[in-house]
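Down below is the structure, laid out as structure tokens.
The values are calculated or read from the model by the stated rules, or taken from the named source; none is laboratory data. What you are looking at is a predicted structure, and each value in this text was computed from that prediction instead of being measured. Here the Cβ is made from the backbone with ideal geometry for all residues, glycine too, and neighbour counts use every protein chain on show.
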Amino acid sequence: MMTFEGLGIDARLIQATDELGYVNPTAIQEQAIPILLSGTQDFIGLAQTGTGKTAAFGLPLLHIIDAAAKYPQALIVCPTRELCMQIVKEIELFKKYMTGISVVAVYGGASIGLQIRDLKRGVQIVVATPGRLIDLIERKAINLEQIKYVVLDEADEMLNMGFQEDIEFILKNTPKRESTWLFSATMPTEIRKVSKKYMKDPKEVIVGKVNTANKNIDHQYYVTTAQHRYDTLKRIIDFNPGIYGIIFTRTKLDAQEISERLTREGYDIDALHGDLTQVQRDKVMGQFRDKTLQLLIATDVAARGIDVQGITHVINFELPDDIEIYTHRSGRTGRAGLQGICISIVHAKEMYKFKQIERINNSQFHKMDIPSGKDVCRKQFFSFMDKLLSADISHGDYETYVPMLAEKFVDVSKEDVLKRVAAMEFDRFLKYYEHAEDLNVRERDRAPRRDENASSDRGPRREGRESGREGREGLSPRTEARNAEFKRGGSGYSRLFVNLGTKDGFFKASFLQYVLDMSDLKKDVLGKIDMRDMNSWIEIEKGAAQQMIHALDGKKYKGRSIRMNDADSGGPAGFSSDRSRRPRRGE
Ligand code: AMP
């Protein structure tokens, strides 16, 4: 059996490891330490957390540091503040019998002023998270000129969190680097690329089985149409009552709109995007971390570096174009040995992308059926009943009231009580999902349906937070009846064409709110709305049409002139109704 003495490390370090109860080196220590003690050999250690890798780089680092030179010589970069603190703690223990060596942790979310003060004390080892390190470099509070050793710990996690550029920046800005020691649990292609670019003939050591993908993540996808994306998202959330997740969108406008819409419908969600001030951002992140917020919706840029433990789901509202971004997003879940689910809502045309991701990530995607309304209700129902059964009743003074209750309920069976409790909790859910349509795109559905309508009704969640105007969602029975009438062909409606569409950043609800606000009309005058990328068609009671045209036509939206007119008297034809199919002049 190999001993620490046999590895050739300083006696003072051996004394400390002895005290820590380390009898023999672990596999990664045995293989890494002799290589790292040279100080000049680049190194890649593929090892999971828990294999003793902190000592594998910490002990040789302490052995080769020059205690007399009072400037940063070694830089350990790791993904999270927790890991930062843990590494410093272990190094402090290892160097118990050494004098003159200082180590400092610098990470985000803590006072940068205090960290700058610590750095000025002449430390030799700096343990940092990438974001804060870059901040310190930019403030010229840390000098990397003399850094000889750079350790990248949990490199795959850092790349998952979107720190690739920062890491490259750090490697580029350590001109006197004599060796780079990279530790990672997995070996994705991005790490290979970084190592090829910045390391010289690295010696590679593998401990245990190395995966190229995080096997704790289940990759799932749901196929739906573009206009059912939002409802699918809602259904997925409702189908997972205990969800604690991040939803990714491509644009900040989408993040903002979806967040607002879900908030109105009673979900615990907030958005994180580039337009927030640091204070607003910290507030949102604080709430998410505390789990006061169940859901966070973010753009990739805004979510960079977010490190939150216990995320159960990552949801791609749309698939990113870039495979690397998919990896970054999915890497927010399934961490620290926990299981996670990464869900993508996709259009049938996007499915080819999965093949690429599967190949590169060495992971497999599972196609899921979008749950039916009944599935959602069942799931919520049982989740609620589980909560009911596990409610803590040990502290209340229930004995005082129960006898009275027993009297009150003398004629009500247990089943009836349960039904009543369920009705109180689920009435809205049940109603909402009663006639919920199938949102899956089945093979037979692929041809575009002509009567595709917007989502059926308003959200099932808390009513208190809903705003007055709901857009297409929450149509009154009167409006629904009118829609049906419209479909039958005889209507008292005009169809208005307007040159605003989803490309202008509108969702149906926000679009409706906008036209109603502009025209000061009530939702009830509206019928069907058909939104396309650049244009939309609004069905409106004949008597109200002119008021809307007058209010919008010729006005500016984001600097662009709005054009609105009656589609049936010369404007562009639209709508998937039969009326739009009438032959035009010359056809
Ligand atoms: P790490 O992979 O660095 O997070 O280490 C995992 C745990 O193993 C830590 O609690 C270390 O203190 C412990 N450990 C590291 N090296 C040894 C060793 N040679 N013998 C016993 N325990 C160790």
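Structure summary
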{"quantity": "Single residue of 106, 88 found to be within 16 Å of the ligand (Cβ to nearest atom), out of contact with any Phe, Trp or Tyr (no Cβ under 9 Å at 6 or more places or on another chain), without any contact (Cβ under 8 Å) to a residue 40 or more places away in the chain and under 30 Å from residue 189 (Cα atoms)", "calculated": "88"}
{"quantity": "Residue satisfying all of: in the range 58-82; part of a helix (DSSP H, G or I) and surrounded by fewer than 22 Cβ atoms within 10 Å (Cβ to Cβ); nearest to the ligand (Cβ to nearest atom) among these", "calculated": "82"}
{"quantity": "Answer residue from the range 13-25, given it is touching a Ser or Thr at 6+ places or on another chain (Cβ under 9 Å) and not in a helix (DSSP H, G or I) and is farthest from residue 153 (Cα to Cα) among those", "calculated": "23"}
{"quantity": "Inter-residue pairs, beta-carbon under 6 Å, first more than 19 Å from residue 79 (Cα to Cα) and in the range 134-161, second part of a strand (DSSP E or B) and of a type outside the set (D, E, K, R), 6+ apart", "calculated": "147/75"}
{"quantity": "Out of 328, 366, sole residue that is touching a residue at least 12 places away in the same chain (Cβ under 8 Å) and out of contact with any Gly (no Cβ under 6 Å at 6 or more places or on another chain)", "calculated": "366"}
{"quantity": "Per-region count, the range 536-552, residues crowded, with 16+ Cβ neighbours inside 10 Å and either at pLDDT below 85 or over 15 Å from residue 506 (Cβ atoms) (or both)", "calculated": "8"}
{"quantity": "Options 311, 325, 306: the member that is closer than 25 Å to residue 129 by Cα and part of a helix (DSSP H, G or I)", "calculated": "325"}
{"quantity": "Extreme residue, surrounded by the fewest Cβ atoms within 10 Å (Cβ to Cβ), among residues of the range 265-293 that are closer than 21 Å to residue 237 by Cα and of a type in the set (A, V, I, L, M)", "calculated": "293"}
{"quantity": "Residue in the range 202-210 that is basic (Lys, Arg), at pLDDT below 95 and under 30 Å from residue 433 (Cβ atoms) present", "calculated": "no"}
{"quantity": "Conditions (1) farther than 22 Å from residue 194 by Cβ; (2) assigned to a helix (DSSP H, G or I); (3) within 14 Å of the ligand (Cβ to nearest atom): number failed by residue 28", "calculated": "(1)"}
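Condition check ((1) more than 11 Å from the ligand (Cβ to nearest atom); (2) aliphatic (A, V, I, L, M); (3) crowded, with 23+ Cβ neighbours inside 10 Å) across all residues:
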{"position": "7", "(1), (2), (3)": "no, yes, no"}
{"position": "11", "(1), (2), (3)": "yes, yes, no"}
{"position": "24", "(1), (2), (3)": "no, no, no"}
{"position": "49", "(1), (2), (3)": "no, no, no"}
{"position": "53", "(1), (2), (3)": "no, no, yes"}
{"position": "56", "(1), (2), (3)": "no, yes, yes"}
